[in-house]
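Only one structure is covered here, and it is reproduced in the block below.
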Amino acid sequence: LKVKYVPSFRWEAGVFAGDILAYTLVNLSGGYRMNQNLSFNLNITNLLNRKHYEIFGGSILGRRGTLGVTYAF
């Protein structure tokens, strides 16, 4: 479990300019090794689904999850 806090800051790039509001994210990651060949990992970014944007003019971000499977032979 990881908590990330980003304070407010000014963003300017080309025609996009404005203030990015402060936000806090809770991220979760973990893995499970089934046996010597097979493992799974899970990553969830923005676990609490706090809507925010990280660049002015960018997309509003919500929760995002990925599941990975690794097989070694």
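Brief remarks follow.
- In the chain, the sites counted are trypsin sites (Lys or Arg not before Pro) in DSSP loop states with at most 15 other Cβ atoms within 10 Å, and the longest stretch holding none of them, exclusive of the sites, is 1-49.
- Between residue 60 and residue 35, the FRET efficiency from the beta-carbon distance, with R0 = 25 Å, is close to 0.05.
- Maximal additional length on extending the residue 53-residue 70 stretch stands at 2.9 nm, based on 0.36 nm per residue less the C-alpha distance.
- In Hz, Karplus ³J(HN,Hα) per residue of region 7-20 (6.51, -1.76, 1.60; θ = phi - 60°; x = Gly, Pro): x, 4, 7, 8, 10, 9, 7, x, 7, 8, 8, x, 8, 8
- Measuring nothing but how far apart in sequence close Cα pairs (under 8 Å, 6+ apart) lie, relative to its length, the chain scores a relative contact order of 27 percent.
- Long-range HN-HN contacts of residue 23 with modeled amide H, under 5 Å: 6
- Point-charge dipole on Cβ atoms (K/R +1, D/E -1) for the chain, about Cα centre, debye to 20: 260
- Gaussian network model of the chain, Cα within-10 Å springs - most flexible of 61, 38, 25: 38
- Distance between the modelled labels on residue 1 and residue 16, one decimal in nanometres: 3.2 nm (7 Å Cα→Cβ projection).
- The phi-based Karplus calculation (6.51 cos²θ - 1.76 cosθ + 1.60; θ = phi - 60°) puts the 3J(HN,Hα) values of region 56-70 at 5, x, x, 6, 7, 9, x, 5, 9, x, 9, 10, x, 10, 10 Hz, whole numbers, x for Gly and Pro.
Every number in this text was worked out from the coordinates using simple rules, so none of it is lab data. Just so you know, these numbers come straight off a predicted model, no measurement behind them. Glycine gets a Cβ as well: all are built from the backbone with ideal geometry, and neighbour counts include every protein chain shown.
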